[in-house]
1. Going by accessible area, probe 1.4 Å, with all protein chains left in place, what is the ranking of VAL174, VAL309, largest first?
2. Is it possible to state the helix-based mean residue ellipticity at 222 nm for the chain, with each DSSP H run of 4+ residues giving -39500 (n - 2.57), the sum divided by total residues, to the nearest 500 deg cm²/dmol? What is it?
3. Once you place label points 7 Å from the Cα toward the Cβ at PHE170 and ARG24, how far apart are they in nm?
4. Please compare each pair in LYS29/LYS109; LYS29/LYS79; LYS5/LYS330; LYS23/LYS91 to a cut-off of 23 Å on the Cα-Cα distance and tell me which ones are over it.
5. Taking the convex hull of the Cα atoms, report for segment 183-251 its projected area averaged over all directions, in nm².
6. Convex hull over the Cα atoms of the chain, averaged projected area in nm²?
7. Residues of segment 1-107: accessible area per residue at 1.4 Å, in Å²?
8. To the nearest 20 debye, what is the magnitude of the charge dipole of the chain about its Cα centre, counting +1 on the Cβ of each Lys and Arg and -1 on the Cβ of each Asp and Glu?
Amino acid sequence: MNLLKQNVAIDLGTSTVLVCVGKRGVVLKEPSIVAVNSGTRDVVAIGEEARHMIGRTPGDITTVRPIRNGVISSFTITKKMMRYFIGKALKNPFKRIFLPDVIVCIPSKTTNVERRAVEQAVQDAGAHRVFLVEEPLAAAVGAGLDISRPSGHMIVDIGGGTTDIAVISFDGIVTSRSVKVAGDDFDEAIKNYLKRTHNMLVGDSTAEYVKIEAGCLYEGVRNDSVEIHGSDMITGLPYEQTVTSQELSETLIATAMPIIDGIRNVLEETPPELAADIYTKGILLTGGSSQIAGFDELIRKTTGVEAVVADEPQYCVARGSINILNRMDKAKKNSYAAKK
Ligand SMILES: Nc1ncnc2c1ncn2[C@@H]1O[C@H](COP(=O)(O)OP(=O)(O)OP(=O)(O)O)[C@@H](O)[C@H]1O
Ligand SMILES: [Mg+2]
């Protein structure tokens, strides 16, 4: 075995990229944002550095999110972003000579064309062999579930662009659904709400800040307020406004409804024995947006099944992916590679 050869896991998310290396856990967490010069098409900054540029750069610099709803929307930029993140995660240049084996997670309903696009992008970004894992399986393993037994688990991974809902048993997905509603939609709903009720225009990061600091999906779970700055839609002048958890809940609950419908549909399609397991164990929530206050309560109230948010839910997919790759022995890796 080549000791210098590393296993790398990438959670290539709509909002965030996480990278795990070998047994070191998560070594990189950065926004999946790239700043591009719109004239020359050169990449100017990637990740955290690019995020700081949003709304603060001259007209010829634009920021791009190369992953949309969990799938690659810009192939060239995604490759550059991944090459940069893999290089940053494997700091020691000597180790970079031996290209790593890379596992990448994909949403459960990814088409074959999209799967090949992800594989190709990772290969071109500097991987020896590329392995794909479905996001809900990785999330379950990362949350510490034993999915190898014939017993049903339901995972709902609520990310930035997509919510992946899946029933898992015996190391496989029994039934699943991918709903294109997640964190970004809650931000958008807050922007629209502020326009409608306070005549206030705010940027994406302010809307996200309001969601994290005051967002609430179940009455009484949270009673916070935040002071924000935005511009008046009529005068264009900046002003300050206080926003409370209570006033936001109606619009946020309405935004969450397609996710609730998705969970109900998947539960309806679940064979009865597995449904009974899920009823006993509850639904496990992962992904950054599962942290919106009251999401677990809203799911319990609308589906009648308990829901629990995993520990550090934003890290589950990346941690699960590296566990899966670390556990594959050479024979298993070879047979996976041969199947492609
Ligand atoms: N404490 C928090 N409360 C509420 N929302 C949060 C919190 N922290 C992060 N988020 C939201 O979580 C989302 C990002 O989650 P995550 O990293 O799981 O998504 P992703 O994997 O990039 O997206 P996807 O899986 O859809 O491709 C963002 O919308 C972010 O605003
Ligand atoms: Mg994700």
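1. Most to least solvent-accessible, the answer reads VAL174, VAL309.
2. -12500 deg cm²/dmol
3. 3.9 nm
4. LYS29/LYS109
5. Projected area, direction-averaged: 4.0 nm².
6. For the chain, the mean projected area of the Cα convex hull comes to 18.4 nm².
7. 48 Å²
8. Working: 39 positive and 41 negative charges, 407 e Å.
Taking the Cα centre of the chain as origin, the dipole is about 1960 debye.
The values are calculated or read from the model by the stated rules, or taken from the named source; none is laboratory data. No experiment lies behind these values; they were computed from the predicted model shown. Here Cβ is always computed from backbone atoms with ideal geometry, including for glycine, and neighbour counts include all displayed protein chains. In case anyone asks, the SASA skips ligands and DNA or RNA and just uses the protein heavy atoms, side chains included. Shrake-Rupley method; radii C 1.70, N 1.55, O 1.52, S 1.80 Å.
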